[in-house]
Each structure stands twice: as structure tokens, then as C-alpha cells.
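Below: the structure, in C-alpha cells.
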Amino acid sequence: MRGRYAALFLLSFGLILFSSYTGKPRNPIQKQALRKIVIDAGHGGSDAGASGQYSKEKDITLAIALKLEAMLKEQMPDVQIDMTRRTDVFDPVTRKAQIANQAKGDLFVCIHVNEGGGPMRHKEFIGYKEETHYKGKGKKRKAYTVKVKDYRTWTTPNTAKGTETFIYGVDKSNAAKAALSENEDLYLDSVSAKELKDFNPTDPAKMMIINMKTQSYFNRSANLALTIEEEFQKVGRISREAKQRQKGIWVLQAVAMPAVLVETGFISNPEEEAYLNGEDGQKEICEVLVRSLKRYKYSLEKQLSGSAGK
């Protein structure tokens, strides 16, 4: 089986070399490992997302996304930052994916806020009480008493807290491959840029590279997600870990680039809601993301320099 994959890879490499001698112009190999990041502020407009006691997810995500954009432009000036939205506007996830793909981003970072299902309800058995029940109808109707369990009930604020970062599930790889195929448009990421415009879309060599890209993007997404959660832990945030989600995050598999979705905290927890709305909390979240993205960029640059030295 390894021999078969090696043969297919050599075939695809040979075809790429052959295409370089056809006399047609080629896109130059990208020297910069991370050229463009697309930031998506989750929800917006009529889609408010999760709600807390006094705030909405769509407003928090936009505030964080705009702060993150400004911080990245200052600390990573060689990277272009594109936004899916800058105002309180609704775009379906299909449009957000289209914006990212048309921008030909190298990375998609989606900002969200979590919720834990509202207040926690509690129930405690405190003994028995008598209830009056009735049997029969009309004049034959008779009352009788029965003993039933009695409970004390109350609610407390939701205590769910912390961050979690998602990538698309492995079962969504076919959708990711489709996104790459539909958005190829002569473009591959900066690290593995190659010219593919002369290839038939059904050519095994091209599909081999698309398969390799899908796996590469999955690995990069996973590595970034782990890095983000590691950086959140360093500042004392509770990490609910990096995870694959099998459903509910369609946009992650629809963008033709590595992609992560960051749940920055629980709006259903009053303490977390205050943190998410506060200037200090939003600044800390952005600082964590910037450090994570710098580490991600550095890892790609090491990969690029290693490939160049071979």
C-alpha cells in the first residue's frame, strides 16, 4: 500500500514538473508561510447567538474580533487580516465561507461564546405530604387523601466556565475535500504552493494532492487548537480542551484552509459573562490568540525553511 501511494506521489510530482515546461506562466512559490488570516465574529444581526443576563453573543464576538484584528496588525504587520463582518450584520455561514474562500486566506479563525443551558435547577426530597384526590363522579364522587413525596426546588446560576477550541470532525473530510476542489482556483497554501491549473479535476494526481492538503489542513487546525488551549491555561483559564465536533460547525469544513472555532467562555455563567464583556477579559482573550497565532506562524516557517533546505 505504501508503494502505491509513493508511486502516485511521484506521478503527481512528475506531472507538476511537466506542467512547468509547457511555456504557460506559473504562480511564483509563496515565500511567506502565513500571508492572510480571516477572522469571523460569530453570529450577527438577526442571529444573536447565545444570551446571558444582559448581553448577547453576537456583540461579544464582534468586540473581540475587532480587538484581535487591531492587535494582529500591530504585532504581526506582515500578515493581512480580513474580516467576515465589522458591524452587526447577519450573514449565513455559507456566505462567511464564501468570503473566506474568495479572500484566499491561509487560516480561518472563528470567534464564539459558549452557553451551558441557562440556570441550574436543583431538587431535594424533604419528606411526604398529604394530597386530596377524588374518585367517582357526581353524587358518588368521594374525596380521599394520599401521601406523596415532597421536594424543595431552587435554581442557581450556571457554573460552566472555561474555553474550548473546535476543528471539524474527521468524518467531515469529504466535505473539506470538496471545498478544496471547488476553491482550488490555481491557489495552494503558502507552504505547499504548486500550479495545478492544467490538471483535469478528476485527475488522480490532483486528487492525490487534494487528499494530502486535506490531511495537512486537518493537522494544522488540530495543532493550532491545541496551542490556543495551552495558551489559555497559561493565563489561568479553565481549558475544556481542543476538540473535534461532528456536527454544528458547518463553516469549518466549508473553508478551503486550516480553520478553528474558539469558544471564549460561557455567557450563561454570570462570572464568565462579566469577563467576556469586560475590557480586561477581551484584551486577555486577544493576547492569548495572538501568542497562539505567532507560534502557529513560527511552526509553518520552520516547515517552510526545512523544505527549502532539502
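The values are calculated or read from the model by the stated rules, or taken from the named source; none is laboratory data. Owing to the predicted nature of the structure, the values given are computational and were not obtained by experimental measurement. FYI the Cβ positions are ideal-geometry reconstructions off the backbone, even for glycines, and counts take in every protein chain you see.
What the table below lists for this structure:
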quantity	calculated
Single condition residue 92 does not satisfy, out of (1) under 27 Å from residue 277 (Cα atoms); (2) surrounded by 11 or more Cβ atoms within 10 Å (Cβ to Cβ); (3) modelled with pLDDT of 90 or more	(3)
Scan of the range 134-148 for residues that are touching a Phe, Trp or Tyr at 6+ places or on another chain (Cβ under 6 Å) and in contact (Cβ under 8 Å) with a residue 12 or more places away in the chain, ordered by number	147
Matching strands (runs of 3 or more DSSP E) fully within the range 58-160 where at least 2 residues are of a type in the set (Val, Ile, Thr), under 17 Å from the mean Cα position of the chain (by Cα) and under 13 Å from residue 42 (Cβ atoms)	107-114
Residues of the range 271-285 that turn out to be surrounded by 23 or more Cβ atoms within 10 Å (Cβ to Cβ) and either of a type in the set (A, V, I, L, M, F, W, C) or without any contact (Cβ under 8 Å) to a residue 60 or more places away in the chain (or both), as a count	2
Residue in the range 244-253 that is surrounded by fewer than 20 Cβ atoms within 10 Å (Cβ to Cβ), part of a strand (DSSP E or B) and modelled with pLDDT under 90 present	yes
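Yes or no, residue by residue, for (1) β-branched (Val, Ile, Thr); (2) within 15 Å of residue 260 (Cβ to Cβ):
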site	(1), (2)
81	yes, no
84	yes, yes
102	no, no
105	no, yes
111	yes, yes
121	no, no
